[in-house]
Amino acid sequence: MKSLLSMKLTQASESPSTDNLSPAQRSHAMRQVKGKNTKPELIVRAALRNLGHTGYRLHRSDIPGAPDIAWIGRKLVIFINGCFWHGHNCPRGARVPKSRADYWVGKISRTVQRDTQNRQRLSAAGWSALTLWECELRDERVLNARLMSFLER
Ligand SMILES: [Zn+2]
């Protein structure tokens with residue numbers, strides 16, 4: 001039986017299909033994926049709620065990389081990365097839109113570079129970071145286990 005979370009995730013991973021879309025449709029899909037409160041973020045926040053981990057702040061721009069989730073006092077942050085946007089080494093991350101491919105490749109490689117720099121700045125300032133990739137959120141139990149091992153130590 002599919003859980004609600006995995007159904008949400010299925011929808012989320014199907015939404016930004018970049019092929020077979022008009023430019024306007026594609027830029028709409030991209031905006032949705034790039035924005036705050038995306039489906040992957042909501043999945044992680046629901047898991048945190050179920051595990052009883054609250055008290056975090058969202059999208060704090062004063063922390064390097066403006067992490068999606070941050071516990072300020074504990075210096076813990078979670079990044080929830082879209083595979084396309086952040087160049088994940090997975091089939092979904094490897095997909096490049098057919099139109100303006102050079103533009104996307106350049107843009108994504110700059111994002112990857114910026115992500116690396118932000119991780120270094122965070123760790124230099126004593127923060128611990130967990131990166132969750134969109135494609136890794138399908139299995140609720142795996143997600144819970146990763147969240148627990150990051151937060152309950
Ligand atoms: Zn991925």
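Bear in mind these aren't lab numbers, they're just calculated from the coordinates by the rules spelled out. Since the structure is predicted, the reported quantities are computational estimates derived from the model, not experimental observations. Using ideal geometry, Cβ is built from the backbone for each residue, glycine included, and neighbour counts are taken over all protein chains shown.
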Exercise. Could you please tell me the mean projected area of the C-alpha convex hull for the stretch 36-153, averaged over all directions and given in square nanometres to one decimal?
Key: 7.6 nm²
Self-check item: Cut-off 16 Å, label 7 Å out along Cα→Cβ of T131, residues of the stretch 45-86 by amide N
Solution: 64-69, 77-86
